[in-house]
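Enquirer: This is the structure I want to talk about, given as structure tokens.
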Amino acid sequence: GAVVSQHPSWVICKSGTSVKIECRSLDFQATTMFWYRQFPKQSLMLMATSNEGSKATYEQGVEKDKFLINHASLTLSTLTVTSAHPEDSSFYICSARAVVDGELFFGEGSRLTVL
Amino acid sequence: GDSVTQMEGPVTLSEEAFLTINCTYTATGYPSLFWYVQYPGEGLQLLLKATKADDKGSNKGFEATYRKETTSFHLEKGSVQVSDSAVYFCALSPWSQGNLIFGKGTKLSVKP
């Protein structure tokens with residue numbers, strides 16, 4: 001089946017630094033990608049929707065200047081956590097909607113720990 | 001707003017036991033309903049879906065029926081296996097190309 005790859009799968013960084021997470025659709029094109037955040041024992045919370053070539057749409061309460069999303073091509077979206085702080089530590093998951101049939105495919109997730 | 005409520009886990013069963021994971025939803029209009037599964041160390045995978053009332057989604061022995069009258073989409077399997085151990089997420093999509101709204105997930109552990 002279709003594969004969505006996230007990189008890195010886990011990252012540890014110091015407070016104040018920025019971290020970039022990549023989401024790639026490996027064998028299909030995706031005009032729309034979604035970024036979710038998952039806290040322990042909580043559901044996945046949608047952070048933003050990114051469409052190729054346009055600005056991301058952020059959900060209420062998500063700081064767009066802190067969570068920068070770029071969707072430069074039909075197979076790549078990136079999430080940059082700027083000036084990360086310990087409260088940004090979480091599991092970030094992306095999903096990509098296939099152009100062909102609209103089905104959603106999920107990445108394995110990226111665990112961010114900010115010290 | 002739209003939301004999904006699913007039974008809290010963890011759920012521990014013996015192999016070949018019957019499984020039910022309850023899921024109810026709140027939504028305006030006619031959402032599509034999904035069950036996703038996350039095996040240890042892997043990403044979410046679509047398990048089954050239903051797009052309209054009374055539809056039954058099925059896959060790998062799992063079934064769920066879209067019940068509009070009870071706003072439910074309970075997941076069932078007649079005989080679970082150890083390999084079914086995973087976290088199961090119920091989700092809805094308010095419209096066909098929209099994002100997904102997830103429940104909190106239910107962890108299932110199946111013992112031999």
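The values are calculated or read from the model by the stated rules, or taken from the named source; none is laboratory data. As the structure is a prediction and not an experimental result, all values here were calculated from the model. Cβ coordinates were reconstructed from backbone atoms using ideal geometry, including for glycine residues, and neighbour counts include every protein chain displayed. Ligands, DNA and RNA are excluded from the accessible area calculation, which covers all protein heavy atoms including side chains. Shrake-Rupley method; radii C 1.70, N 1.55, O 1.52, S 1.80 Å.
Enquirer: Looking at the stretch A:37-100, which GluC sites (Glu not before Pro) are DSSP coil and have at most 16 other C-beta atoms within 10 Å of their C-beta?
Expert: Answer in residue order: A:Glu59, A:Glu63.
Enquirer: For a quick check of your reading of the filter: which GluC sites (Glu not before Pro) in the stretch B:1-30 sit in a DSSP loop and have no more than 11 other Cβ atoms within 10 Å?
Expert: B:Glu16
Enquirer: Relative to the present Cα-Cα distance, how much length would full extension add between A:Asp65 and A:Phe39 at 0.36 nm per residue of separation?
Expert: Extra length available between A:Asp65 and A:Phe39 comes to 7.3 nm.
Enquirer: Tally Lys and Arg at +1 and Asp and Glu at -1 over the other residues with C-beta under 15 Å from the C-beta of B:Ala86: what net charge comes out?
Expert: +1
Enquirer: Within 11 Å, Cβ to Cβ, of B:Lys77, how many net charges do the neighbouring residues add up to if Lys/Arg are +1 and Asp/Glu are -1?
Expert: The answer is -3.
Enquirer: I need the Kirkwood Rh of chain A: take the reciprocal of the average 1/r across all distinct C-alpha pairs and report it in angstrom.
Expert: Radius from the Kirkwood sum: 14.0 Å.
Enquirer: Please state the relative contact order of chain A as a whole percent: Cα pairs under 8 Å, 6+ residues apart?
Expert: After rounding, I find 37 percent.
Enquirer: In addition: Working with all protein chains in place, sort A:Ile12, A:Ile69, A:Ile93 by solvent-accessible area computed with a 1.4 Å probe, largest first.
Expert: Most to least solvent-accessible, the answer reads A:Ile12, A:Ile69, A:Ile93.
Enquirer: Describe numerically, in nm with one decimal, the distance between label points set 7 Å from Cα along Cα→Cβ at B:Ser58 and at A:Gln29.
Expert: 3.7 nm
Enquirer: If you take each beta carbon of peptide B:23-32 and count the beta carbons of other chains within 10 angstrom, what is the mean?
Expert: Partner-chain Cβ atoms within 10 Å, mean over residues of B:23-32: 0.
Enquirer: With every protein chain left in place and a probe of 1.4 Å, what is the accessible surface of A:Ser54, to the nearest 10 Å²?
Expert: Its heavy atoms expose roughly 60 Å² to the probe.
Enquirer: Let me ask something else. For chain A, give the magnitude of the charge dipole about the Cα centre (Cβ charges: +1 Lys/Arg, -1 Asp/Glu; no others), in debye to the nearest 20.
Expert: So the dipole magnitude of chain A works out to roughly 280 debye.
Enquirer: For the stretch A:4-60, what Kirkwood radius comes out of the mean inverse Cα-Cα distance, in Å?
Expert: Kirkwood radius, the stretch A:4-60: 13.3 Å.
Enquirer: Turning to a different aspect of this structure: So which trypsin sites (Lys or Arg not before Pro) in the stretch A:60-103 pass both tests, a DSSP loop state and at most 16 other Cβ atoms within 10 Å of the Cβ?
Expert: A:Lys64, A:Lys66
Enquirer: For the stretch B:42-69, list residues with backbone N below 17 Å from a point placed 7 Å from the Cα of B:Ser79 toward its Cβ?
Expert: Residues B:59-63 qualify, since their backbone N sits under 17 Å from the label point.
Enquirer: Between the stretch A:94-113 and the stretch B:59-112, how far is it from one alpha carbon centroid to the other, in angstrom?
Expert: 18 Å
Enquirer: If contacts are Cα pairs under 8 angstrom and at least 6 residues apart, what is the relative contact order of the stretch A:71-115 in percent?
Expert: Across the stretch A:71-115, relative contact order equals 39 percent.
Enquirer: I need to check one value: relative contact order of the stretch B:31-112, counting alpha carbon pairs closer than 8 Å and at least 6 residues apart, in percent.
Expert: The value is 29 percent.
Enquirer: Check chain A for me: any Cys whose beta-carbon has no other cysteine beta-carbon within less than 4.7 Å?
Expert: Flagged as lacking a Cys partner: A:Cys13.
Enquirer: Oh, and also: Over all residues in A:94-105, what is the mean tally of Cβ atoms on other chains that come within 10 Å of each residue's Cβ?
Expert: Averaged over the peptide's residues, the number is 2.
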